[in-house]
Amino acid sequence: MASPSKSPGAKSSVKDGRSSSSPTDLVLPTQRVKMIMKSCPDVETVTQETLHLVTKSTELFIEYLVEETLRNSKDRTKLDYEGLSVAIHTQDHLEFLREAIPKKITWAEARKLITESDNKFEGFH
């Protein structure tokens, strides 16, 4: 995985074999991430350390998903829905995204599926 570029003000130090990142190495807005986290009824407070870890983890996941999408795209210079869909539907560990990102189908295939589902429920009208 490619390492993200650091902003000019980002500082990283190594202590006891672990790197310590400052909040300036984040790209996503932490307050927005905090708001999403707090939208869960089970979450009352979010510590700065937790917020930083969740934000950084999200950034790394997005980076991974982009790399996988590009790997599955016909044109590897730009992101496309088909590449994203193929990545999600061919890798078991991305199964949780399959409902949100369905496989790309043609309009004719979609009409056929609609007609088939209408026929199944015809007796219930």
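The values are calculated or read from the model by the stated rules, or taken from the named source; none is laboratory data. Note that the structure is predicted; figures quoted are calculated from it, not measured. With ideal geometry, Cβ positions are generated from the backbone for all residues, glycine too; neighbour counts draw on all protein chains shown. Ligands, DNA and RNA are stripped out before the accessible areas are found, and what is left, the full protein with its side chains, is counted by its heavy atoms. Shrake-Rupley method; radii C 1.70, N 1.55, O 1.52, S 1.80 Å.
Tell me, what is the per residue accessible area of segment 65-125 in Å², probe radius 1.4 Å?
It amounts to 81 Å² per residue over segment 65-125.
Given points 7 Å out from each Cα along the Cα-Cβ axis, report the Arg76 to Arg98 separation in nanometres with one decimal.
Using points 7 Å along Cα→Cβ, the separation is 2.7 nm.
What full-extension length gain, to one decimal in nm, is calculated for His89 and Glu67 as 0.36 nm per residue of separation minus the Cα-Cα distance?
Additional length available on full extension: 6.4 nm.
If you average the sequence gap of Cα pairs under 8 Å that are 6 or more apart and divide by the length of segment 50-125, what percent do you get for the contact order?
Over segment 50-125, the number comes to 17 percent.
Ignoring ligands, DNA and RNA, please state the percent of accessible area on segment 46-125 from carbon and sulfur, probe 1.4 Å.
Numbers: 3640 of 6080 Å².
That share works out to 60 percent.
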